[in-house]
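The values are calculated or read from the model by the stated rules, or taken from the named source; none is laboratory data. Remember, it's a predicted structure, so these values are computed and weren't measured experimentally. With ideal geometry, Cβ positions are generated from the backbone for all residues, glycine too; neighbour counts draw on all protein chains shown.
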Amino acid sequence: MQHLVARVCNLQQSKLFCALILLALGLISLVMLNERIRALRLAKGLTLQQVGDVFGISRTSVSNWEAGHSQPDPRKIERLAKFFDTSVQFLLSGVHTPAPIENESTFVGIPFVPFVAIKDCHESIRALCSHSQTFLPMSFGASSASTFCTDFPTSIDPLSATLIPPGAFIFFDPELTIKNHAVVLARKIGIADFFMADLSSSALKLRSLTQRQSSSYTPEAQDEILGVAKGYVISINL
């Protein structure tokens, strides 16, 4: 059996209170918090003033958050997480933690399929998984028997790098429901890509996380959702 070693980012919701205490004491690094606030605001298509109005503060105060000149207090961070439809955990650490296993997979573990094998291939994701020669332990975060893992490109839009580190290994589940700001692996006109989901309007829109300055688009009937991200791992020795 292949030896697998991983460093998993793991700040669980049950540790939220401790995280906020550490934040108040200045013991949590917020170097990237400002960039994540900016990325989520832009993804939602909001102005500095619109965010400021929600919190009853000026656009300058929000601008200072995004520039790293000041930081929101713990209560505002909780409100920011709710406002952006994300978690405090993500705002503080930039990590969405994989959920515990709920169902047993038909594979010996979580199949790893390199993104280069998915990008231009027209086979179903299930078929690609069946060809995999590399499997990760189920404890990495399988949420269903359909969970699979692939790698995130290392050359991406700088704005996307504030959401998912380049080169990270992402766990996807085709059975998950798409939520606002979820990371989605989908085929657009037959080519697979990573997208951020936008459900702020009545129709689902997707914005590429690998194409610089890309605009959101509404998926067509021929487009295919391959999976919704459940979490990611920074590094794996395969």
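Here's the yes/no breakdown for (1) among the acidic types (Asp, Glu); (2) surrounded by fewer than 17 Cβ atoms within 10 Å (Cβ to Cβ); (3) at pLDDT below 90:
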residue	(1), (2), (3)
Asp53	yes, yes, no
Phe107	no, no, yes
Pro137	no, yes, yes
Ser155	no, yes, yes
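Scanning the range 212-232 for residues that are within 12 Å of Lys188 (Cα to Cα) and in contact with a helix residue (DSSP H, G or I) (Cβ under 7 Å, 6 or more places away or on another chain) turns up just one, Leu226.
Here's the yes/no breakdown for (1) touching a Ser or Thr at 6+ places or on another chain (Cβ under 8 Å); (2) at pLDDT 85 or above; (3) surrounded by 19 or more Cβ atoms within 10 Å (Cβ to Cβ); (4) not polar (S, T, N, Q):
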| site | (1), (2), (3), (4) |
| --- | --- |
| Leu159 | no, no, no, yes |
| Leu163 | no, no, yes, yes |
| Pro166 | yes, no, no, yes |
| Lys179 | no, yes, no, yes |
| Ile191 | no, yes, no, yes |
| Phe194 | yes, yes, yes, yes |
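Restricting attention to the range 180-231, which residues are touching a Pro at 6+ places or on another chain (Cβ under 8 Å), assigned to a strand (DSSP E or B) and within 21 Å of Phe112 (Cβ to Cβ)? Ala186, Phe194, Ile225, Leu226, Gly227, Val228, Lys230, Gly231, listed by residue number.
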